[in-house]
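In what follows, a single structure is set out as structure tokens and then discussed.
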Amino acid sequence: MQHLESETMTQQRLRLLAAGIALVPTFGYPFGVLALGTPPFPTRDDCVHVATGDAEDLEVVYGRLDDPVAADELLAEVTRIGFVGAEVEFDACGRWKVSYDAVETFAQGEALAEHVREAGLEARVEHER
């Protein structure tokens, strides 16, 4: 009888140990991360890098939108009025970006952006990231 009680106690201790092992990472990790401060998430402004001069990574951005359908509609409008080659991409800040990335110089990008603005849409030259 004593052997059976000892075996039951050992099984209970093993279950408690297993539960403890499972709970430590489950609760310990989030508390450890939060103790260091909230994790850094990019803001919407962190994804906008307005260009001011020549660089290798230039693009003309027609807009950033929260909805992929709206981004597709903007792309269709940009294409309809004659600006071809743009694409829709998901950016690191959780938005949909409509842009044209075959820009070789800042002057070329600014000229394209100006033509787009004259056509009634918004556009600016940015660094692609």
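The values are calculated or read from the model by the stated rules, or taken from the named source; none is laboratory data. Because the structure is a prediction, the values reported are computed rather than measured. Because the Cβ atoms are built from the backbone with ideal geometry, glycine has one as well, and the counts that use them run over all protein chains shown. Side chains are part of the model used for accessible areas, which takes the heavy atoms of the whole protein and leaves out ligands, DNA and RNA. Shrake-Rupley method; radii C 1.70, N 1.55, O 1.52, S 1.80 Å.
Here are the numbers:
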| quantity | calculated |
| --- | --- |
| Count - residues of segment 58-89 that are among the hydrophobic types (A, V, I, L, M, F, W, C) and in contact with a helix residue (DSSP H, G or I) (Cβ under 8 Å, 6 or more places away or on another chain) | 7 |
| Set L65, L121: member being hydrophobic (A, V, I, L, M, F, W, C), modelled with pLDDT of 95 or more and either within 20 Å of the chain's Cα centre (by Cα) or open to solvent by 70 Å² or more (accessible area, probe 1.4 Å) (or both) | L65 |
| Residues that are among the β-branched types (V, I, T) and more than 17 Å from G85 (Cα to Cα), drawn from segment 48-66 | V48, V50, T52 |
| Leading residue by the ranking (farthest from E126 (Cα to Cα)) among those in segment 90-109 that are at pLDDT 95 or above and crowded, with 17+ Cβ neighbours inside 10 Å | W96 |
| Filter result for R80 (more than 24 Å from the chain's Cα centre (by Cα), at pLDDT 95 or above, open to solvent by 100 Å² or more (accessible area, probe 1.4 Å) and basic (K, R)) | yes |
